Each structure stands twice: as C-alpha cells, then as structure tokens.
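The values are calculated or read from the model by the stated rules, or taken from the named source; none is laboratory data. A quick note: this is a predicted structure, and the numbers were derived from the prediction, not measured. Backbone-built Cβ (ideal geometry, glycine too); neighbour counts: all protein chains shown. With ligands, DNA and RNA removed, areas are computed over all heavy atoms of the protein, side chains included. Shrake-Rupley method; radii C 1.70, N 1.55, O 1.52, S 1.80 Å.
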Amino acid sequence: MDSTQMDVLQQFFKVMADEKRLRIVDLVGKRAYRVGELAEVLHLTEPTVSHHLSRLREVGLLNLKMDGNSKYFKLNRSMLRRYNKLVLELEEGPVERPPSKNDTA
C-alpha cells in the first residue's frame, strides 16, 4: 500500500473514530435523513449534527440530495466499499511488527 492510500485510510479512521459519526453512518445507511431528523434521533443540536455531517462528507461517505429547500443525507455505499477494499489490502499485505525492547539480537 502506498503512502497516499495510507493517508486516505488514516483520515477515514480519524473521522470514523467518533461515536456520533458511527451512529450517523448507521442511520443514513438505512434511509435518507435531514439534519433536523438526525438531531432529534441523536439528541444533538442541528449545528453539532451539521459538523459531523461535514466531516463525513470530507471523506466521501455521504451523498447529498436536495428536495426543494430540504437537504437529505444518505450513505455513499460505493465509497464505503472502497474504504473496505483498502482495509482488506492491509490485511493481505505483509505484517511486520516493530522490534520490542525485549527482543535480543
């Protein structure tokens, strides 16, 4: 795996390390939601939800659909599959552990 792919995965895991974002991904994987609906379900303010949605959009995990003045967010499954593929490439690659203090030469 090259350094660009590692950077992409690092950014993905940083974004996904937040419990609220994980819950949002779970919800929008089932159906499209508006910010207000997510705020109500998650017991968060709309600005807080908007922040989390922005972070998820940064890594391409959300699709945005406009319906009049309403914005609906839905999981971008193809992007999630791409991240999954990168993670699986990590699994298939050689595993080297760093030397520990207890290793003897």
> Here are some residues: S78, S70. Which one is among the hydroxyl-bearing types (S, T, Y), without any contact (Cβ under 8 Å) to a residue 40 or more places away in the chain and closer than 27 Å to M1 by Cβ?
Replying inline: S78
>> From the list V15, V87, V35, exactly one residue is in contact with a Phe, Trp or Tyr (Cβ under 8 Å, 6 or more places away or on another chain) and not polar (S, T, N, Q). Which is it?
In response: V35
> Among the residues of segment 37-50, is there at least one that is closer than 25 Å to M1 by Cβ, open to solvent by 60 Å² or more (accessible area, probe 1.4 Å) and without any contact (Cβ under 8 Å) to a residue 60 or more places away in the chain?
Replying inline: no
> Can you name every residue in segment 23-57 that is among the acidic types (D, E) and under 18 Å from S78 (Cα atoms)?
Replying inline: D26
> Mind checking which residues of segment 21-36 are surrounded by 15 or more Cβ atoms within 10 Å (Cβ to Cβ), of a type outside the set (V, I, T) and in a helix (DSSP H, G or I)?
Replying inline: R21, R23, L27
> N63: polar (S, T, N, Q), part of a strand (DSSP E or B) and free of Cβ contacts under 8 Å to residues at least 24 places away in the same chain, yes or no?
Replying inline: yes
